[in-house]
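As structure tokens, the structure follows; a few thoughts come after it.
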Amino acid sequence: MEEVAKVAGVSVATVSRALRTPDAVSQKLRARIEEVAQRLGYAPNRIAGSLAGARTPLIGVIVPSLTNSFFASTLEQMTTLFEARGYQLMIGQHGYDTEREERIVVAFASWNPSALVVTGRTHARGTLNTLSSAACPVVEMWDYGERPLDSGIGFSNHGAGELAARFFAERGLTRAAFVGAILDKDDRARARAEGFSGTFQRLTGTEPLIVTVNSRELGEGGAALKRVLAQQPDTTAIAFSGDMLAVGAMFEADRTGLSIPDDLKILGYGDLDIARHTNPRLTTIRPPHNEIGEAVVRHVLERLDRPDTPGVNLDLGVKLILRETV
């Protein structure tokens, strides 16, 4: 608050009135103070005055979706491990909407949490400002890249796409497609699609067909298979951005008399439980679901126990799980 007051050229008391009782100051002054507060990434502390400046035992965790089993698995792991140490998760989901993510980050920061954990590396400017000025450890999970804001723990989605492309190319599959869910909104699925497309074209000299669908549901997988075969009838292999899409395509292939893997080879992503029980069993790429949650908790607790512990940037990698659909 002192920093906001200094930049705005007013007293701390004026900043307090403007943010707590806006009608107590003029509209022009309030607008100036709010603009400075937003620029500096300031979030008011809602803890009682006697606790001002103290961290709460809350860990803010923000994910794109609560129905996506990838994130659900990570959240479950984090909840169990943090609660064992006396911390409670505040969980927010933004539905792949960066503006909504910004609102959640600002709201969570105002509760003076012990740590903030967000998903991915792409954020709105306001989110970046708030996270960069947060007085607690900040972890960007489920993605890997250079220069995290503070700490990064995840894996390369682009690399996962490259792995799928190399897998197909090494088997001489030159007519392939990639089916991805909401590629216009999901940065991680889009990175896998880009990694697949660039690597496949470089290794085979053939540009793969890229198809986007509106959700990760089974039905979308079946519809996607129809679209792929309509646009590229000689397709021999399809990589999917999620196992449920791949399984939906397998159901549709069975209905239309296509044999997997003889007529069409299918590669999923996620290694969900269903992948081990399809007929034939689904070949897929496994991201480090539980490993991410465990690594985030371990790092955050270490930072809280020893504040001089530096940030990290960890790539936990992915694995190709070879089964029977390729």
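The values are calculated or read from the model by the stated rules, or taken from the named source; none is laboratory data. Note that the structure is a prediction, hence the values are computed from the model and not measured. Every residue, glycine among them, receives a Cβ derived from its backbone with ideal geometry; neighbour counts consider all protein chains shown. These accessible areas exclude ligands, DNA and RNA; they are computed on the full protein's heavy atoms, side chains included. Shrake-Rupley method; radii C 1.70, N 1.55, O 1.52, S 1.80 Å.
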- Note on the structure: Taking Lys and Arg as +1 and Asp and Glu as -1, residues besides Thr278 with C-beta under 11 Å from its C-beta add up to -1
- Query: Just how far, in whole angstrom, is the range 204-220 from the range 73-146 if you go by their alpha carbon centroids?
  - Reply: 30 Å
- For the chain, give the share of DSSP beta bridges that are antiparallel, in percent and rounded to the nearest 5; count only bridges with both residues there. 10 percent
- Tell me which aspartates and glutamates have Cα within less than 18 Å of Lys319's Cα, excluding those fewer than 8 residues away on the same chain? Asp143, Glu162, Glu170, Asp243, Asp271, Asp273, Glu291, Glu294
- Task: Please give the solvent-accessible surface of Glu76 in Å², to the nearest 10, using a probe radius of 1.4 Å with every protein chain present.
- Result: 130 Å²
- Calculate one ³J(HN,Hα) per residue across the range 295-305 by plugging θ = phi - 60° into the Karplus curve 6.51 cos²θ - 1.76 cosθ + 1.60, and present them in order as whole Hz with x for glycine and proline. 5, 4, 4, 4, 5, 4, 4, 5, 5, 6, 6
- Residues of the chain: accessible area per residue at 1.4 Å, in Å²? 47 Å²
- The set of residues whose placed amide H lies less than 5 Å from the amide H of Ile153, leaving out same-chain residues fewer than 5 positions away, is Glu140, Met141, Trp142, Asp143, Leu314
- Semi-axis lengths, Å, the range 190-326, gyration tensor of Cα atoms, sqrt of 5 times eigenvalues: 35, 17, 13
- Query: If amide H atoms are built 1.01 Å from N in the plane of the peptide, which residues on other chains or at least 5 residues away come under 5 Å of the amide H of Arg286?
  - Reply: Gly270, Lys319, Leu320, Ile321
- Which lysines does Lys28 reach when only Cα atoms under 24 Å apart count, and residues fewer than 8 places away in its own chain are ignored? Lys6
- What per residue convex hull volume, in Å³, do the alpha-carbon atoms of the chain yield? 147 Å³
- For Val117, which sequence-distant residues (separation of 5 or more, or a different chain) have an amide H within less than 5 Å of its own amide H, given hydrogens modelled in the peptide plane? Gly60, Val61, Ile62, Val139
- Message: How would the range 1-149 be classified by its alpha-carbon gyration tensor: rounded, prolate or oblate, with rounded meaning a/c under 1.5 and the a/b versus b/c comparison settling the rest?
- Response: prolate
- Item | Carbon + sulfur, % of accessible area of the chain - ligands and nucleic acids excluded, 1.4 Å | 48 percent
- Task: Please tell me the relative contact order of the range 265-326 in percent, rounded to the nearest whole number, where contacts are Cα pairs under 8 Å and at least six residues apart.
- Result: 47 percent
- Does the range 169-232 come out rounded, prolate or oblate, given a ≥ b ≥ c as the square roots of the eigenvalues of its C-alpha gyration tensor, rounded meaning a/c under 1.5 and, failing that, prolate meaning a/b above b/c? oblate
- Query: In percent, what relative contact order does the range 39-164 have, based on Cα pairs under 8 Å that are 6 or more apart in sequence?
  - Reply: 27 percent
- Item | Compactness relative to 2.2 N^0.38 Å, alpha carbon Rg of the range 95-137 | 1.04
- Message: Run the helix sum for the chain: -39,500 (n - 2.57) per DSSP H stretch of 4+ residues, divided by residue count, reported at 222 nm to the nearest 500 deg cm²/dmol.
- Response: -13500 deg cm²/dmol
- the range 181-286: relative contact order in percent, alpha carbon pairs under 8 Å with at least 6 residues between: 21 percent
- Tell me, what ³J(HN,Hα) does each residue in the range 69-79 have, in order and in whole Hz, if you take phi through Karplus 6.51 cos²θ - 1.76 cosθ + 1.60 with θ = phi - 60° and put x for Gly and Pro? 5, 4, 6, 4, 5, 5, 5, 4, 5, 5, 4
- Helix 98-109 sits off the longest principal axis of the Cα atoms of the chain, rounded to the nearest 10 on a 0 to 90 degree scale, by 40 degrees
- Starting from the eigenvalues of the Cα gyration tensor, five times each then square-rooted, give me the equivalent ellipsoid semi-axes of the range 212-275, largest first, whole Å. 17, 13, 10
- For the range 201-210, in order, what is each residue's ³J(HN,Hα) by Karplus, 6.51 cos²θ - 1.76 cosθ + 1.60 with θ = phi - 60°, in whole Hz (x at glycine and Pro)? 5, 5, 7, 10, x, 10, 7, x, 7, 10
- Message: Taking the full set of protein chains and a 1.4 angstrom probe, give the accessible area of Lys319 in square angstrom, rounded to the nearest 10.
- Response: 130 Å²
- Message: Which lysines, if any, have their Cα less than 25 Å from the Cα of Lys226, not counting same-chain residues under 8 positions apart?
- Response: Lys185, Lys265
- Message: Rounded, prolate or oblate for the range 57-140? Axes are the square roots of the Cα gyration tensor eigenvalues, ordered a ≥ b ≥ c, and the cut-off for rounded is a/c under 1.5.
- Response: oblate
- Note on the structure: Any trypsin sites (Lys or Arg not before Pro) in the range 194-288 that lie in a DSSP loop and have at most 15 other Cβ atoms within 10 Å would be Arg281
